[in-house]
Each structure stands twice: as C-alpha cells, then as structure tokens.
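Peer 1: Take this structure, written in structure tokens, and hold onto it; I'll ask about it next.
Derivation of every value follows stated rules applied to the coordinates shown; laboratory data play no part. Everything quoted here is computed from the prediction, not taken from an experiment. Please note: Cβ atoms are built from the backbone with ideal geometry, for glycine as well, and neighbour counts cover all protein chains shown.
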C-alpha cells in the first residue's frame, strides 16, 4: 500500500515541475519524472507476494509467478515516452534558436 | 504518391462500411492468437462510420496539400508525418484492445506534435511545445486509467472487459477510472476545461495540418475513445451521462463566447472547434437514440465543414499572406470560388437550412427537448445564434466590403486547392441526404446501434473470429 502512495508522490513531484518551473528544460524533466512514476506504478500492480520471475524452466512449477503482461506493456510505454521526450527536446532546441531564451515567461507571444 | 495512399484508404473504408452492413461485426485476431490472450481488431458499425469520415476528409486534405505545400521545403517530411498520423488515427478506430488503442493514440499524438511545429516559425514552435506538454500529461492520465482497469479486470481486451463489468458490476475503482478517462480523453478532445492547448495549437501550423488536426484528430482520438470506453466497456450511468452533457454544454457556450472577440481568422475557427465538439458531446451524452444520432451526424458534419473553413483560411493566407481580419477586405471579387465555399461552410456551421449543419443541430435540439432537458436545448440555441453572429463578422471582414489597394493583385488559388474546397462544399450542400431512409440505415444507424448496445459489445468476442 505504501509503495503505491509513494508512486503517487513521485507523479505529483513531476506534475509540480511541469506546472511551476520557468525553465523549459525543467518542464521536460518534470514530464520524464511523471512518466517514470506511471510506469513504476504499472509494474508494481503486477507484483504477487513471494512470486518468482515469470520464466519457464524445465522442472519448474508454474504457480506463483509475478504477472508478466504489464512488464511487456511498460516496455512499450517506456519507448513511447522516449519518443515524446526526444520530440520535446528537439522543440526546446529550436525554441532557443528563435527566442534566445529558455524562460517560458518570455515565450508568450500567443495570447488571447 | 501520398495522395494515392489516402485514396486507397478511403476506398477501403467504403468497403468496410459495406462489409459491416452485410456481415455484421467483424473480428480479426492479430497473428492468429485467440482472444482474450491476443490483440484483436474489431470492425463494427461505429468503427465503419468513423473510418469513412476520417479517410474521406483526410483524402481531400491531402489533395489540397499538393499545391499548398509548394511553399515549404522538405515536402517529404510533411507527407511522412501526415501518413503516420493517419495510420495512428485509423489504428485507434479499429483497435479492440485497450493498450493497443493507447499505443496508436500516442503514435497519432506524437506525429501531430511534430506537424504543429512544421513551419518552424516562432509561434509554431511555442504552440507545439505547449501542445506537446499538455498532450503528454493527458496521455499519462489515460495510461493510469488503463492500469487501474487492467488490475481490476485482469484483461486488456475491450470486449472481455465489457463482459467482466457485466458480470461483476462496477466496483469502487470505476468512478476513479471514469474521472481519469474524462480528464485524459477530454484533453485530447478539447472539452472545457481541458481546452487550453487548442487555441494556440490550431492556428499556428500550415492550413492542411490545421484542417486535419481540427477536423479529425480531436474527434478520432477524443470523442470516439470516450464513447467506446464509456458506452461499450464501463457502461454509462445517469450520473456519468449528466457529467458528459454538462461538459458538452460548457464547451459549447464558452467556446463561442471566446470566439466572437477574435481578430485572427484561424484562432476564431479554433475556438469554434471547441464549441462544436461541445455539441457532439452533448448529443452523445443525452443517451437517447435520437440524441446519439444527432451527435454522430454532427461529428461527420463538423469534420467536413470545419476542414473546409480551415482550407479556406489557408487559401486566403496563400493569396494575401495575412490572417488578420482587419487587414483583409473585399476579396470576393478576386477569389470567387474561395468566397462561395466559405459562404457555404459558414452557413453550414451556423445551422442554416438546407445545409448539413442545420439538420444535425436540429436533431440535437429536438432530442434535448424530448428528453426534458430544456436548459441544455436553450444553451444550444444560444450558441447557434452566436455562431451565426461570428461567421457573419468573418464574411463581412474578409470577403465583402471595399477591396483595398494592396489586394489588387491577388488571384484565385491553384487547381488542387480549388478541387478539394469544391468537393468539401458539395458534401456540405448534400450532407442532409445522409438522413434519408436508405442511406441512414446503411451508414448512421449501425453506429447508433453499437452505442446503444452498450455492454453487449462483449458478446461479439467469441463469434466471427477470422
């Protein structure tokens, strides 16, 4: 139970970074932290108490394995997170070329 | 080359509509793994309807982009990203497995973040960054919702989940999952209060990209997934239905109030997108057969006329180089085809008979009155009147009025752009024909029946496995 609440705390840390930081790079780091928190939560829901790793071996019994499906899904989610992060960093680099700053309070030309 | 792909997709989607009509729901399991262990692709009435809408508008926008993208370098990058986004949207529509739906949703979203930044001007990059961060947060909420659903029902297949919810009934986690999904998919669909990315992200990119973002992406990723999960998997309750209707009505009214004061052509159209999606969600949230019919028909109509409006604004920008309403004027004499197409689209969105927007708005308002929700019907009528007012303003400032000196040299836009706009305008004119009996039964009614079927979606899991 405590582990899940700690995942929520980590997600809220990431969300705080996204909402309150002024530097674009820190916002991107906040997105990354939030994605880590969600992936960690996903794997933790798959844990079975005193379960062993879900690998078939001859002579081993099938009972009491941890759930392998979320592990596969989290691999996919990590890759999706990687793609999004790469795009965000590329955008940040181009924004620096055009605006000359990373400060989001100065990159506010679209309003209204 | 890209146009042949979109044309082929459109023909396939028409075939899909005919297949669903003749054979009922089709299920295909990937790799031969039988469900619920494997991933399935499901083609039922709602999917066929959405596929036809998405591919038709995408094909016409690709035709338009043949001429418009001449002004940009690296056209091949545009076509790659465009086809990638289209693949993602089609995947979302066909997927029968909830994590597969999430993967395709992310493919389409990341491609759209890159497309918004396509011209790499200052405003486009800023808008793309804001859109990307907000879109990622929305996707994270959707992922948390999927995690909860998986750990509650121990399956990822949507039909199996529907069966599970039918047997066990909603648990305590269902309310939290519903809220997470409303937040996540509502952000993709640009419902108020999750709409903040849309007024920056839709005006900035080049016109065909704006058209496909506003005309199709928010509907395929946002409204379709909301409907599929809430009606077919979790099962809609009266409380959930009234939340959807409230959010829809809020979007309708706030969108149109914010739109009237805009002086940028595309920003005005972007705010109107929020308003019209509010109409669709209000119609679908009503839950009655007539309401759902109105909502889905308005979804189709909005794809057509909103794309046409964005393509018109692109034509104006191509010819004059500006989007500001105060600077343009009297363009009707120089660009008659663009002007008449814009007139048809404006009358459609404002709901003037006999264009297609009138029929769908009328059905939504009648459905609201029949269900006894007079307040929502009143707000819908008010939003419609204000939409008419703001589009009268657009027409007056852009097309009618005195032709200024500096616009004396503008000419009509090139051939493919004219072709795409004319085709969309003709669909606007005759869109009301979709309600006539024969075509209605073939196209719209299967979609309505799938939504009304609710959790019986799960019954098709074990039959018709190809």
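Peer 1: At a Förster radius of 22 Å, what calculated FRET efficiency corresponds to the Cβ-Cβ distance of residue A:108 and residue B:260, to the nearest 0.05?
Peer 2: 0.45
Peer 1: Based on C-alpha coordinates, I'd like the Rg and Dmax of chain B, in Å.
Peer 2: Taking only Cα atoms of chain B, I get Rg and Dmax of 21.2, 72 Å.
Peer 1: What angle, in degrees between 0 and 90 and rounded to the nearest 10, separates the Cα long axis of helix A:24-44 from the longest principal axis of the Cα atoms of chain A?
Peer 2: 10
Peer 1: Enter the Cα centre distance for the pair the range B:184-224 and the range A:40-55, rounded to the nearest angstrom.
Peer 2: Centre-to-centre (Cα) distance: 37 Å.
Peer 1: Turning to a different aspect of this structure: Provide B:451, B:175, B:364 in ascending order of the number of other Cβ atoms located within 10 Å of each residue's Cβ, fewest first.
Peer 2: The most exposed by this proxy come first: B:175, B:451, B:364.
Peer 1: Bin width 5 Å, alpha-carbon pairs only: give the P(r) of the range B:246-432 as whole percents, running from 0 to the bin holding the largest distance.
Peer 2: Once binned at 5 Å, the Cα pair distances of the range B:246-432 give 1, 9, 18, 20, 18, 14, 9, 6, 3, 1, 0, 0.
Peer 1: Go ahead and run the numbers for FRET between residue B:75 and residue B:288, Cβ-Cβ distance against an R0 of 35 Å, rounding to 0.05.
Peer 2: 0.15
Peer 1: Could you tell me the center-to-center distance, by alpha carbons, between the range A:60-96 and the range B:258-324 in angstrom?
Peer 2: Spelled out, the Cα-based centre of one part sits 35 Å from the other.
Peer 1: Can I ask one more? For chain B, what does the helix formula give at 222 nm: sum of -39500 (n - 2.57) over DSSP H segments with n ≥ 4, over the residue count, nearest 500 deg cm²/dmol?
Peer 2: Rounded to the nearest 500, it is -23500 deg cm²/dmol.
Peer 1: What do you get for the angle between helix B:98-116 and the principal long axis of chain B? Use alpha-carbon atoms, 0 to 90 degrees, nearest ten.
Peer 2: Once rounded, one gets 10 degrees.
Peer 1: With springs only between Cα atoms under 10 Å apart, run a GNM on chain A and tell me which of A:100, A:81, A:14 wobbles the most.
Peer 2: Comparing A:100, A:81, A:14 in a Gaussian network model of chain A, the most mobile one is A:100.
Peer 1: What span do the alpha-carbon atoms of the protein assembly as shown cover on each of the three principal axes, reported in whole Å from largest to smallest?
Peer 2: 87, 60, 48
Peer 1: Cα gyration tensor of chain A, axes a ≥ b ≥ c as square roots of the eigenvalues: rounded (a/c below 1.5), prolate (a/b > b/c) or oblate?
Peer 2: Here chain A falls in the prolate category.
Peer 1: Sticking with this structure for a sec: When a/c is below 1.5 the answer is rounded, else prolate if a/b is larger than b/c, else oblate, so apply that to the range B:370-444 with a ≥ b ≥ c taken from the square roots of the Cα gyration tensor eigenvalues.
Peer 2: oblate
Peer 1: In degrees from 0 to 90, rounded to the nearest 10, what is the angle of the helix B:45-68 Cα long axis to the longest principal axis of chain B?
Peer 2: Compared with the principal axis, the helix lies near 30 degrees.
Peer 1: Compute the separation of the alpha-carbon centres of the range B:158-183 and the range B:338-384 and state it in Å as a whole number.
Peer 2: Result: 34 Å between the Cα centres.
Peer 1: To continue, here is another question. Could you work out how far apart the two model spin labels at residue B:402 and residue A:45 are, taking each label as a point 7 Å from the Cα in the direction of the beta carbon, and quote it in nm?
Peer 2: Going by the 7 Å Cα→Cβ label model, 6.5 nm.
Peer 1: Hey, rough spin-label estimate for residue A:76 and residue B:412, points 7 angstrom out along Cα→Cβ, what's it come to in nanometres?
Peer 2: The modelled label-to-label distance comes out at 4.9 nm.
Peer 1: By average Cβ neighbour count within 10 Å, what is the ranking of B:367-376, B:136-145 from highest down?
Peer 2: Output ranking for B:367-376, B:136-145: B:136-145, B:367-376.
Peer 1: According to the square roots a ≥ b ≥ c of the eigenvalues of the Cα gyration tensor, what is the shape class of the range B:71-213, taking rounded for a/c under 1.5, prolate for a/b larger than b/c otherwise, and oblate for the remainder?
Peer 2: It is prolate, given that a/c is not under 1.5 and a/b is the larger ratio.
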